[in-house]
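The block underneath contains the structure these notes are about, expressed in structure tokens.
The values are calculated or read from the model by the stated rules, or taken from the named source; none is laboratory data. These numbers come from a predicted model, not from an experiment. All Cβ positions, even for glycine, are placed from backbone atoms using ideal geometry, and neighbour counts span all protein chains on display. What goes into the accessible areas is simple: the full protein's heavy atoms, side chains included, and nothing from ligands, DNA or RNA. Shrake-Rupley method; radii C 1.70, N 1.55, O 1.52, S 1.80 Å.
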Amino acid sequence: MQSMSSLANQFLIAMPGTRDPLFKRSVAFVCQHGEDGAMGLLVNRLSEYRLGDVLAQMNIKSSLSRISEAPVLIGGPVQPERGFVLHAPPGDWESSYKISERLCVTTSRDVLAAMAEGNGPEQAIVALGYAGWSPGQIENELKENAWLTCAADEAILFSAPLETRWEAAANLVGVNIASLTDYAGHA
């Protein structure tokens, strides 16, 4: 199989024909991609939880309403009980994985404790669960036109309203995704 360059630090933008309800109209941010497969976080799926709920489950208290009321996203269907913090800029947290010069994903309690005190990363997304792809799966899905790909954009990750992220990410590659048909054709 021909080697493909890593999709880490890229968006995967679901094509309109995606049938799986979890991935329909989704934007995934790829954290890792290599010969062992890929791992990413959905960045436009709101969970029923607020960050205050997650912190309370971990016996972490926060008196900051902006923290307690912050949304928690559904990062994907794998390990939905596990929390991930995608953040900028990178910091010195216990279990951080550096995705790029500007972005890290962290799974340790210390980043959440710092956020609860107002000392966390400047920009962060908290997500429960992740999306995973086995070796070669993401490449096959790309060949089947299941996803558009483009470099991730921090403004979309951290500032764009959740309901606009799918179209905003597609606009990065010059595609008005709403105008695409929901089936793939072959000439």
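Scanning the range 94-106 turns up at least one residue that is buried (at least 17 other Cβ atoms within 10 Å of the Cβ) and under 18 Å from Ser26 (Cβ atoms). Would you check which residues across the range 63-99 are β-branched (Val, Ile, Thr) and touching a helix residue (DSSP H, G or I) at 6+ places or on another chain (Cβ under 7 Å) and list them? Answer for the range 63-99, where residues must be β-branched (Val, Ile, Thr) and touching a helix residue (DSSP H, G or I) at 6+ places or on another chain (Cβ under 7 Å): Ile67, Val72, Val85. Look through the range 24-53, keep the residues that are assigned to a loop (DSSP other than H, G, I, E, B) and within 12 Å of the chain's Cα centre (by Cα), and return whichever of them is farthest from Arg109 (Cα to Cα). Result: Ser26.
Summed over the range 16-31, the residues that are under 19 Å from Phe158 (Cα atoms) and either of a type in the set (Gly, Ala, Ser) or in contact with a Ser or Thr (Cβ under 9 Å, 6 or more places away or on another chain) (or both) give a count of 4. Here Pro121 passes the criteria (1) open to solvent by less than 50 Å² (accessible area, probe 1.4 Å); (2) of a type outside the set (Asp, Glu); (3) in a strand (DSSP E or B); (4) touching a Ser or Thr at 6+ places or on another chain (Cβ under 9 Å) except the one numbered (3). Taken as a whole, the range 159-178 holds at least one residue that is surrounded by 20 or more Cβ atoms within 10 Å (Cβ to Cβ), in contact (Cβ under 8 Å) with a residue 60 or more places away in the chain and within 24 Å of Gln79 (Cα to Cα).
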